[in-house]
Each structure stands twice: as structure tokens, then as C-alpha cells.
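Remarks on the structure that follows.
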Amino acid sequence: MSMVRNILQSTARYFVLIKAATDIVNKAKQIGIDDIRTLVDAGRSITEIYLESCTPDKKVQKRREASMLLEMGITPEELWEEVIRRLPELEPIIKGKDDYIRAEMKKIEAFVKGEI
Amino acid sequence: MASQNDVLIALNTKEAAISTEDLATELKASREGTRKQLTRLKDKGYVDGDSQEGWLITEDGRKQLERGGVGPSMMEEGVTPRDVFEGIGRRIGLTPDRIVLATDIVWSGDYTDIKWVWEALRQAVIRDDLAKLWVNSWRAHLKKGIPPELEKELVGAEEEHGVKAGAKPRVEEGRSYILVDDLPAYVGKNLGDLTYEDAVDLARIRAGRAARQPAQGAPSQQLTAHDIIEIVNAVKDWTAGAATQSKSYMVTQGEEGAIVQEVEPGKPMVLQQPASKPGATYLVKPDGSVKQMEPGEPIVVTQQAAAPTKTFIVKQTPEGATVEEHDLSKPIIINALAPASGMPPMYPFPAMGGDGKPILGSDGKPVYVDIEPMLKWLGFQSEQKRADERHSALMGLTQTIKENLPIGIEAFQRAVGEVKKAPESAVQQYECGSCHTRFTLPREPGEDEKVICPKCGQEWTGKEVLGA
């Protein structure tokens, strides 16, 4: 019985993780890898640009989805790994840019907390 | 459109009734136009039949053909004022295009206004002599006189050369006049219907006739007292020679008629007041019988009790709803029937009119309707609506599952893989030192805790197990 429960919980967790990562990958493809590279090289925050383009309703929805990820124990780093796993072209763009990634993670956390 | 004469000739060759369509085909005319002509001929009694049974020529129609055929009026043949106007142009000798052009210009204004017609023909660049002839002919058709402004243009040379000094300008030879509002009007030399003398005479006759005829709706002339006195005096004068002495008479109304009595001069007359006989009184009873009442006989009117309101009982039977009139002296007992087949009993529903009152049948009883089919139909509609909504929800759910199914499968596979990996890494296996059987423990034993091999039953301490 306990194994079944573990599988279900784990499935739900992976489902939420994969769904969020897939959405991010689709959005990244929509923006274009070259544009992302340009933005990252210029030090512009992709998170900020994305959130600025969202309507208030869309922001509420995204905040709810991010809160769900945190509640299920999914960290931003884990989500980022999943995104890179699905879109390997992103890895060379952010390689060696730890400060940029850290700043983006903080912005995401601030967004989830409703600070931005 | 074929003429009435053509239609009559065509029908004369037929021995059996012919349809409107066949006749129109034979005459190479429109069906509608042929039907109109047939209707006109039927009104005249020359043909018989209708569109359904076909058309036949009558005996009168054959006689009319022998007499020379049917001469239709302009209106019957559908000749419009424009047709007449264009006909005049053709008779003058203008080309058809020129006629149409000129007519279009004339018809762009008031074609009954002679001044405008003249102006329009000038605009159409019609030669003066032709335009003059056209306008005069049109004016004659409309029975209108020459407008004073156009007198010079339309009369022209005749006035200049034909009128001598001192002669009456309007007196022309020939029929150059018509009557407009019972007055002679000159319409051009030989373009009218009457000579000047005839027109004047006719105008006088009509004026005299109009003067003799009282105006319609005027009250009849009443004789005044003065008129009566004059008439009496005239009669008196007329009878003066014959009358020696005037006599007076008194006329009284007797039982058997009027009685005339000569009144002698100087003798008083006593007028007797005729005893008025009271009229008979009749009583009409409610049953319709009539009785003559004697004078002094009292009439007692009995108050009729108002008809009691009828009560109807509607019973629901297996054959349907029945209506019975209720006897007021009997009680109404309602038997609550157990509903058959688990369905509630269907009570009859009174048919209501637009005024909110129940509709009564020819027998005066209320009309009841069975609304069960309507209720079934409404139920069916609700069920359909629910089914449609359920289908839509299912389709939405299916679409969501379809979109997220690959993610779900992948999540499940990764979860299973994680669970599979966990026992190998997390669960510690132990081996018995006696029988070398491998086994696991639900948790790590304490140092003083005893562990028993599940196969050989050898007992080990926790310290020994952990140390191994």
C-alpha cells in the first residue's frame, strides 16, 4: 500500500514539474534561442521581461502554479535542470553565468511571494 | 398583348375549351395579357369559362365577330398617355429614337402642362412646325386650350395673316373649338370638335341646364308667409268672378272618418272633446303567452329566482377525462386512486383563452386538454439539453487528457523508476553467518536488539549484525 501511495505522489510531483518545464520550453522556443542569448549576454532579466508582458490575470495564474511547485517540494534549481534537460540549447547560453541565474531565481521567488 | 378581336377569332376556331396558356402560346402573347383580354371578353359576354376549365366563345361572341369584331377601348388595350404621345410623334413622321428621346424629356416633367411639353420638345430639338403639330395634337387629346404664353408660337402665322382688323379674333372657320369647363376654347385650326357657333350654343345650353338644376345637397325651397299670401290672393282673384259668397267649413275627426260641417255665419259652434278610449293593456308571460288585461286588474310580477350556478365534476378515467354535471343535493366524494405503474395520475387541465377565462364548448361545458404529451415533450427537451451539456463536458475533459497524457505517462514512468531505484540503495540486506541466507529488516536494529535468521533461526545481536 505504501509503495502505491509513493508512486502516486511521485507521479503527481513529476507531472507538475514536467508541465511547468514544458511550458517554459515552449515559451523559450516562441521567443527564440538567439533572442534569449542576446538578452542573457546583455544582462537583461528574462523573468522580468516575461512578467511585464503578462496580464494581471495571467500573473495570478502563474503565481498559483509556482506556489504549487514549491508546495510539492520542487525547487527552482530542479525546475531549471528539467528545462535544460528538455532544451539543451539553453545550457551553453547560461554556462558560467551563475550570478545571472541566481538573480533570476531570486526574482522568481519574489514573484511567488507577491513582492513583484 | 393580343387584341380582344384576335383572342375572339382564335377562340372561334376551337371546338373544345382551350386553356389560357395554350391560347397565349397560339397568339404568341403573354399569358397574363391573354388572361386579361379573356376576362374583359367574359365581362362583355363574348366568351365563357375560366382558367381552370378553359375558355369557349359564346353565341354572342360569334355574332359580334360577324358584325365586325370587338373594338376595344384605349384603356382596355392598355394604351397609356405615353403611348398616345408617342403615337402622335410616329404619325408626324419622326424616327422612333427621336420620339423616345423627346418623350423621355417630356415625361421628366408634367406632361399635362402644355407649356412644359412645348419647352421639352424645343429641348429635344424638334423642328418648330413638327413640334407645333405635336403639341397641338397632344393638347387636343388632353382637351386643353392654348396657354396665353404660347398663343404666338402655337397659332403662329394664321393670326398674322388670317385675322383682319376689326374681325373677331377667335371666330375661325372649321371645327377649331372644344368646351373646357363649359366654355369655348380654341385649340387650333381644325384641331377641335366644334365650330365657334356650335361651341357657344352648347355652352349656353349647358349653362342654362346647370342653372335650372338645384345644387346637390341644397335644402328644398320653403314657402314663406309672403309667398302663401300671394298664392292665396292669386287664387282669390282667379275665383273672384265665380264665387258669390264665401262659406266656412269645420272638419272634425269622427269614429268613421272625417266629418265636414258647414258653419253658418253668426251661429256659435260647440266643439265636443272626443272621449279618448284608453288603449288595451297586454301582459306577456315568461312562457311567451299574451293576455289582455282588464282595466283595474292588478299585475303581480313575481321575482324569478336566479338560475343556480352549475357545478361540473371532471373524472379521470382510463378512457380519458369525463365531465359530469353535479347534482347540488348530493355530496362530492373523491376517491384517492392509487397511481398505477408508479406514475402520478394526470389530472385534466382546463383550456384557457387569451382573456384568462376557461374556454367553453358548444354544450357550455368547459373544455379540458390533455397536457401529458406536452409534458413528455418538455421532459424530452430537458433530457436532450442535459445530454448535450454532459457530452460537451466529456469532450473538454477528453481534450485536456489528450493534451496532458504524454506528460502524465512520462511522470508516471519517472515515478516508477524512482521507486524501483529506492530499495536497492536504501534497504539494507543482511546475510546469516550460519546458513548464508540474505534477508532484510524493516529498520536498522539497535546494538542490544536481537535479530533472528528467518531460515535457520539463528539468533544474532544487533552489534554482531551491524559489525558484520
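No lab work stands behind these numbers, since they all come straight from the coordinates. Here the structure is a predicted model, which is why all the values come from computation and not from measurement. Please note: Cβ atoms are built from the backbone with ideal geometry, for glycine as well, and neighbour counts cover all protein chains shown.
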Shielding of B:398-406 by other chains, given as the mean Cβ count within 10 Å, works out to 1
What are the lysines whose alpha-carbon lies under 25 Å from the alpha-carbon of B:Lys376, with same-chain residues fewer than 8 places away excluded? B:Lys315, B:Lys385
Cα extents of the stretch A:2-112 along the three principal axes, largest first, in whole Å? 50, 32, 24
Any lysines with Cα under 17 Å of the A:Lys29 Cα? List them, leaving off those in the same chain fewer than 8 positions away. A:Lys19
Likely footprinting exposure, B:Ser137, B:Ser382, B:Ser3, fewest C-beta neighbours within 10 Å first: B:Ser382, B:Ser3, B:Ser137
Any idea what the relative contact order of chain A is, in percent, if you count C-alpha pairs under 8 Å spaced at least 6 apart? 39 percent
Net charge over other residues, Cβ less than 13 angstrom from the Cβ of B:Leu94 (K, R count +1; D, E count -1): +1
Mind checking which lysines have their C-alpha under 26 Å from B:Lys143, skipping anything on the same chain fewer than 8 residues away? B:Lys115, B:Lys132, B:Lys152, B:Lys168, B:Lys189
Suppose every K and R has +1 on its Cβ and every D and E has -1 on its Cβ; what is the size of the dipole of the stretch B:4-67 about the Cα centre, in Debye to the nearest 20? 280 debye
Quick one: pull the percentage of alpha-carbon pairs in the stretch B:169-211 with a separation above 13 Å. 44 percent
With a ≥ b ≥ c the root eigenvalues of the C-alpha gyration tensor of the stretch A:26-87, is it rounded (a/c under 1.5), prolate (a/b larger than b/c) or oblate? oblate
